[in-house]
Structure formats: C-alpha cells, structure tokens
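Asker: Once you've had a glance at the structure underneath, I'll fire off some questions.
Read-outs: derived from the displayed coordinates by stated rules, not from any lab. The shown structure was predicted, so the numbers you read here are calculated from the model rather than taken from an experiment. Using ideal geometry, Cβ is built from the backbone for each residue, glycine included, and neighbour counts are taken over all protein chains shown.
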Amino acid sequence: MGFFSSLANFLGLKKKEAKLLVIGLDNSGKTTILEQLKPEEKRTGDVAPTVGFNVEKFKSKSLQFTAFDMSGQGRYRNIWEHYFKDCDGIIFVIDSCDKLRMTVAKDELDHVLKSPDIKSKRIPILFFANKMDMRDALSSVKCSNLMGLEKIQDQAWHICASNALTGEGLDSGFDWLTDQLKSKLSESNKK
Ligand code: G3D
C-alpha cells in the first residue's frame, strides 16, 4: 500500500515513529481496515469485531496503530485519554449505514475533540465513511453533516468514502494523512 511505503520510509529516514489511533463505534469496520493495512502474509482473514474494551495494536515499520471501540463505554474514557496523549493522527471510522447510531458516533467524536490532550495540539483526523458499497449507505457529505465535521476548527480533517472489504477509498484517505503527518514532522524539525 502506498501509504506504508511513502510514510513509513519517510519516518524511517527520520528515525521517528508515528502513532495512529483508529477509533469509532463497534462494527464500523476498524478491524477490517487494519487488516487491509497489514502486509499480506500477516492477514488472518478472520476478522473479530473489537467488542468491549479490546485494544488492538499493530505495528509495521515505523507506524504504530492502536484501535479500540468507543461504543457507549464512557467508563473507559480515562483509559482512552492515555492514548490521546501521544498520538500523531486519528482515523475515525464511521459506519455510513448505521443511521440510528450516527448521533452516538457524533457524541464520541465530541468527547475526543474536547479532550485536553487533543485540544492542546494539532492532530490530523481522517474520517472514513465506511461501507459505501452498501445500498443504504449515506454519502460522505451526509455523514459529514450528521457528524458536524464542518464545526471542527482546531484540527485538520478530511473525510473519504471507503469500502474496507475491497480497500477502495483507503488509499486516498491515507495519502491525505501522510501529507499531514509529513508536514507536521517537518514543522517540528524546524523548531
Ligand atoms: P469493528 O472492528 O469496528 O468492530 P469490523 O468492525 O471490522 O469487525 O467490521 C464489522 C462488520 O462489518 C464485519 O462483518 C465486516 O466484514 C463488515 N465490514 C467492514 N467494512 C465493511 C465495508 O466497507 N463494507 C461492507 N459491506 N462490510 C464491511 P461481519 O459480518 O463479519 O460482522
């Protein structure tokens, strides 16, 4: 995948590691997206949904991914904040067919954005409006409206329609994230 060769090589050169959080409600497609990112020989093909406070970690080259569900589990917020502290980028996966829980996803996003560890720094947030292959999927524009993304002012954000089963749409999202992380790193090198 282009994202890996491009960003991982760049970070490798700089002897840096990027920590990316993959979050969203359960069943949105986080595990499936992570499977697409893994090198082919490491794919299990057996996608277990991340239910409960399961944290899935996965590392490849100089990229470290941590994924967890935010589904109605406010009691775990203190633990999440620990991950917010040192993350370089966020991938927020939206199930674009799950209209009923779109407000729950929005609430969780609002909590993330209000977290002092996120507010105090600039972190690129990539949204995937996932399951775009489904007939009843909402468009990425509609998801963006329902999630109130236009109100995000402190962080750079971007939304892409995706099909995690085939990988369609993932590349263009990751290209954007790569550019954001590279320019962030270049800025911090200048300081
Ligand atoms: P989670 O890790 O966020 O909980 P998963 O979500 O990655 O486990 O995905 C939940 C279910 O949605 C899985 O189906 C998975 O195959 C499916 N899924 C993920 N992404 C897409 C997508 O883009 N399109 C479609 N059509 N399905 C998707 P099962 O049946 O295993 O529960």
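Asker: Work through the residues other than Cys97 whose Cβ is under 12 Å from its Cβ and net out their charges, Lys, Arg +1 and Asp, Glu -1.
Answerer: Local net charge: +1.
Asker: May I pose another question? Place the peptides 124-131, 141-148 in order of packing, highest mean first, counting for every residue the other Cβ atoms within 10 Å and averaging per peptide.
Answerer: Listed from highest to lowest mean packing, they are 124-131, 141-148.
Asker: Plugging the Kirkwood radius over Cα pairs into Stokes-Einstein for the range 94-191, at a temperature of 25 °C and a viscosity of 0.890 mPa s, what D comes out in µm²/s?
Answerer: 170
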